[in-house]
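Here the structure is laid out as structure tokens; the discussion comes afterwards.
A short reminder: the numbers here are calculations on the coordinates, not readings from a lab. Values in this document were obtained by computation on a predicted structure and should not be read as measured data. Using ideal geometry, Cβ is built from the backbone for each residue, glycine included, and neighbour counts are taken over all protein chains shown.
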Amino acid sequence: MERILTLLARLRSILPFQGRWLAVGIALFAVTAPAHAERVKDLGSFQGVRPNQLTGYGIVVGLAGTGDDSLDYATQGMKGVVSRFGLTLPQGVNPALKNAAAVLVTADLPAFAKPGQRLDVTVSALGKAKSLRGGTLIMTPLRGADNEIYGMAQGNLAVGGLGVSGADGSQVSVNIPSAGRIPGGATVERAVATGFDTAPTLTFNLAEADLTTALRVADGINRTFGDRRARAMDAVSVAIDAIPGAEERIMMMGMIENIEISPAEAPAKVIVNARTGTVVINGAVRIHPAAVAHGKLTVSVNESPRVVQPAPFSQGQTATEQSSSISIDQEKKPMVNFKGGASLADIVKAVNAIGASPADMVAILEALKQAGAMKAELVVL
């Protein structure tokens, strides 16, 4: 509480007017927290505050004969590496590169990353390299979608896989030896401008589109700051009027992320994976009055051919006489009566009572939806 009061005093001294509503917001945030709620930061993120993907092409050296061998890309890459040190290979001479491999290097540049910070990188073989174990990545520029360099990567690889081959062609592989990681293997060279400190409004985007949740987020922000600066633009985006200044804006964003709200209940859905037979029903599914009877009809056809011998001195021939036996077995199952408003537990109990398999359950759920007794979206994967 002492820290909050100190922060309020600082805000009043910096922003005589804006400090008032920020003070109200901090006070409300400190004393109110809805029960069984989730933080706004767990429901989405601010637009522009996101990681960016970086990619680079490089060479890994120091391999124990498990490199690319004759891959032209590795040869050209090695020529480029040695050219940095003033060396030029003779024309038409391609070095044997069993101890080197061409690789692609990938990394994620976090939001607000500053020059000099370290990034973890993933290194993956591009060609026929069998293993990158024991290799060292030579200095590789990492580029963004705009083809600008945002980082430089270099270092020794940590490879969790293992690959061994014998002279007769037999091979043993554990995990994936053709890819590895370099913890802290890249250095940020350029920051990405987010524009959050100059835009007139901030936009908060929900991870999952929901009109009710968007309205509740906007209402929670307005209640916290005591005004009407947040507006739900659609089922995903909430626009927030922001004060100028990076420090004050960061403070406001931090407060918004920690506001707790009760998100809307997920829509009723039944997810069916037809390949694995998995059926998932969420708790919002309800069943209207319906009766379900489910049984199995088994038809068996048994063939028992027999050999028929002719009578003595009859000039007849031995023949095969067909004998078929057809039986029908219908398994009787009790009819289950679903009362109005049946819950997920009722559905599971009833389906288990009639002994339905996952495939049978799909048929029952489809029939309930066709009959209008189940108001839920049926999704087949």
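For this structure, a couple of remarks:
- Length added when fully stretched, Arg181-Lys114, from 0.36 nm per residue minus Cα-Cα: 21.9 nm
- Gained length - Leu104 relative to Asp219, 0.36 nm times residue gap less alpha-carbon distance: 36.8 nm
- Net charge, Val380 excluded, C-beta distance under 14 Å - Lys, Arg +1, Asp, Glu -1: +1
- Centre separation in Å (Cα based) which lies between region 224-241 and region 246-293: 21
- Label-point gap, in nm, between Arg231 and Ala274 - each point 7 angstrom along Cα→Cβ: 4.5
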